[in-house]
1. So, in region 257-310, exactly how many residues are out of contact with any helix residue (DSSP H, G or I) (no Cβ under 8 Å at 6 or more places or on another chain) and not charged (D, E, K, R)?
2. Can you say whether Y109 is in a loop (DSSP other than H, G, I, E, B), open to solvent by 80 Å² or more (accessible area, probe 1.4 Å), under 29 Å from K143 (Cα atoms) and of a type in the set (S, T, Y), as far as the supplied structure shows?
3. Of the residues in region 23-36, how many are of a type outside the set (F, W, Y) and open to solvent by less than 80 Å² (accessible area, probe 1.4 Å)?
4. Quick one: is K246 part of a helix (DSSP H, G or I), in contact with a helix residue (DSSP H, G or I) (Cβ under 7 Å, 6 or more places away or on another chain) and surrounded by 13 or more Cβ atoms within 10 Å (Cβ to Cβ)?
5. Would you point out the residue of region 173-187, among those that are out of contact with any Asp or Glu (no Cβ under 9 Å at 6 or more places or on another chain) and closer than 16 Å to E17 by Cβ, that is least open to solvent (accessible area, probe 1.4 Å)?
6. Can you give me the number of residues within region 150-186 that are part of a helix (DSSP H, G or I), of a type in the set (S, T, N, Q), touching a Phe, Trp or Tyr at 6+ places or on another chain (Cβ under 8 Å) and within 23 Å of K220 (Cβ to Cβ)?
7. Would you confirm, using the coordinates I've provided, whether N211 is open to solvent by 30 Å² or more (accessible area, probe 1.4 Å) and part of a helix (DSSP H, G or I)?
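The values are calculated or read from the model by the stated rules, or taken from the named source; none is laboratory data. As the structure is a prediction and not an experimental result, all values here were calculated from the model. For neighbour counting, all protein chains shown are included, and Cβ atoms are generated from backbone atoms with ideal geometry for every residue, glycine included. Surface areas here come from the heavy atoms of the whole protein model, side chains and all, with no ligands, DNA or RNA. Shrake-Rupley method; radii C 1.70, N 1.55, O 1.52, S 1.80 Å.
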Amino acid sequence: IGYTFDGKYKKGEQLNESNHAWNAFYAESKWHLIDATWGSGYIKKSLFSKKFQKSYDNKYFDRPSNFFILSHLPEIPMWQLLNHPLILKTFSLPDAGIDKFLEKKKVPYFNFNDTIQLLYSNEFDQRTIEYGKMALEFNLNNKTPLAFAMLHIVQNNFQNDMSDITMIDSLIILAENSLYLMNKAKSSRKSVIETIEININFGNQILAELNQYKAKYFEKEIKNYINLPFDSLKYIVKQITETTSKTFSIYKSFNNSDAIAKAETDFCQMTIDIFNIFQNFFELESNLKNKRKIKKELSRLLMTSKKLISDQCECKQYINMIKMSELKY
């Protein structure tokens, strides 16, 4: 996968994302390159239409790497099959300029065989991430390979073990980084823009659900460990409110009313359960200073709940009935 000057890009233009694909094959103890697409024909354009014209041409069948690099620049340097690979800027030079660059060989020696072997020794998920990193390092405008690789890993591992907070946090970080890169990606091609938008929507949906899982994980922690120290309870409540706020924010950006309603009900019940636990904690506490801290945290929890949960949620009436004045010290 890589860049070509085939009508989409002109020499000297900024290359944002790949626009072509060709093949590398291994035979007789070495790598070879072939472009079967360009060897099959071309697009014949008229005033109102485009039509594929069959025209067999073996010009791009197993030609030397120095020949291929004049018109084909892979997303990652190793597939140039050159020990002194071109940089992005050099690819935009006229053919004579590329030839001159290759003759000078100013860049350090690059063992593409070792790099290929190392990359493909990794498991698929790690390999796609490493590929994406290499593509981004080679061209800072080409953000989608790494973004899509991250999102693919999140999708594959989603719901595998949502009882493991380390797994949940790791997937959240991957999803957030993927969305960051996709939102920064640039393209002038309609198909690429549409693909990015679809993946952004999908990524946000998964991110919202992951934050819900995280909130439920911490709710379970509170229920399982009633005698947690106050600082731990405070940390857990903060995690629940922050992750729930992110979930609501994402769902509201999509106007997903069904998801919002379910999230409101879940958070409302969490608020009631957590309040009851804190209330017991408050009553058992003898230190006046600590009682004030507990009451402050309860007030913050109720304020967050009332802000996030709409009046249409039937559960909210129970929250509205809670009176902080009943917690006396």
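1. Looking only at that region, the number is 11.
2. yes
3. Here the count works out to 7.
4. Here the answer is yes, as K246 does meet what is asked.
5. Ranking the candidates gives S178 first.
6. The qualifying residues number 0.
7. Answer is no for this residue.
The rows are residues; the columns are (1) more than 25 Å from L118 (Cβ to Cβ); (2) open to solvent by less than 90 Å² (accessible area, probe 1.4 Å).
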| residue | (1), (2) |
| --- | --- |
| G12 | yes, yes |
| A21 | no, yes |
| G41 | yes, yes |
| K50 | yes, no |
